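**Q** Okay, here's the structure, questions in a sec.
The values are calculated or read from the model by the stated rules, or taken from the named source; none is laboratory data. Treat the numbers as computed from the prediction; the structure is a model and nothing was measured. We place every Cβ from the backbone using ideal geometry, glycine too, and count neighbours over all the protein chains shown. When the accessible area is computed, the model is the full protein with side chains, heavy atoms only, and any ligands, DNA or RNA have been set aside. Shrake-Rupley method; radii C 1.70, N 1.55, O 1.52, S 1.80 Å.
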Amino acid sequence: VAVSAGYLHTCAILDDGFLKCWGRDNYGQLGDGGSNTNKDKPVSVSLGTTNNPLTAVAVSDGAYHTCAILDDGSLKCWGYDGMGQLGNGGTNTDKNTPVSVSLGYGRTAVAVSAGGFHTCAILDDGSLKCWGSDSYGQLGDGGSNTNKNTPVSVSLGTGRTAVAVSAGYLHTCAILDDGFLKCWGRD
């Protein structure tokens, strides 16, 4: 029902909500918890359980990392984390199994886009948060172009919310609720 292709890996959400990935796995971007071995056939990604197995409703592959929104609105990422693009607030250590991204108290994700080495998500209140590499200002937080390993808020303008987001290799663009497009990062 959905597919996303990264640099050398691909992931797909099946009609039962389960997520499978295949291709290059040198940083754990397939999320199968294995030995980071490339796979030429789809492998299952374990997204966790509450009372039942969690399923995916959206997926986005970056250069060497992958993120998925789950059916409970939570967001998990895995793979390369050298610049904080997994958003788990850790020590920028690669993960071959999904880790949770803290979006803020009571917040859930409604859209996600994994860029080259950064990730952005639209939250249920229309706010936008980004994390990872900020070498060219692609996080949009107006800061000092410092990489962030936890989500930071993007200022969209007074009263504005995001309805779509796309993270590129070194830049990010978002469509706002008034129909205008805003972009930031490398020009």
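**Q** Which ³J(HN,Hα) values in Hz, rounded to whole numbers, follow from the phi angles of the range 7-13 under the Karplus curve 6.51 cos²θ - 1.76 cosθ + 1.60, where θ = phi - 60° and Gly and Pro get x?
**A** Taking θ as phi minus 60°, the curve returns 5, 9, 9, 9, 9, 9, 8 Hz for the range 7-13.
**Q** Quote the FRET efficiency, to the nearest 0.05, computed for residue 8 versus residue 160 with a Förster distance R0 of 25 Å and r equal to the Cβ-Cβ distance.
**A** Numbers: r = 36 Å, r/R0 = 1.44.
E(calc), rounded to 0.05, equals 0.10.
**Q** Moving to a separate point now. Dipole of the chain, Cα-centred, from +1 at each Lys and Arg C-beta and -1 at each Asp and Glu C-beta, to the nearest 20 debye?
**A** The dipole of the chain has a size of about 280 debye.
**Q** Along the Cα→Cβ direction, 7 angstrom out, place labels at residue 38 and residue 135. What is the inter-label distance in nm?
**A** Reported label-point gap for residue 38 and residue 135 is 2.4 nm.
**Q** Could you tell me the convex hull volume per residue, in Å³, taken over the Cα atoms of the range 123-183?
**A** It comes to 74 Å³ per residue, whole-number rounded.
**Q** With a 1.4 Å probe and every protein chain kept in, tell me what percent of the accessible surface of the chain is carbon plus sulfur.
**A** On the way: 4180 of 8530 Å².
Ligands and nucleic acids excluded, carbon and sulfur reach 49 percent.
**Q** Sticking with this one: Once Lys and Arg get +1 and Asp and Glu get -1 on their Cβ, which of 19, 36, 5 lies farthest toward the positive end of the dipole of the range 5-46?
**A** Towards the positive end, the residue furthest out is 36.
**Q** Return one whole number: the accessible area per residue of the chain in Å², for a 1.4 Å probe.
**A** 46
**Q** Name the shape class, rounded, prolate or oblate, that the alpha-carbon gyration tensor gives for the chain, where a ≥ b ≥ c are the square roots of its eigenvalues, rounded holds for a/c under 1.5, and otherwise prolate holds if a/b is larger than b/c and oblate otherwise.
**A** The shape class here is prolate.
**Q** Additional query: Show which lysines lie in cross-link reach of residue 76 when reach means a straight Cα distance below 25 angstrom and same-chain residues fewer than eight apart are skipped.
**A** Excluding near neighbours in sequence, the set is 20, 39, 41, 95, 129, 148.
**Q** Sticking with this structure for a sec: Taking the Cα centre of the range 124-187 as origin, sum charge times position over the Cβ atoms of Lys and Arg (+1) and Asp and Glu (-1), and report the length of that vector in debye to the nearest 20.
**A** Dipole magnitude for the range 124-187 comes out near 160 debye.
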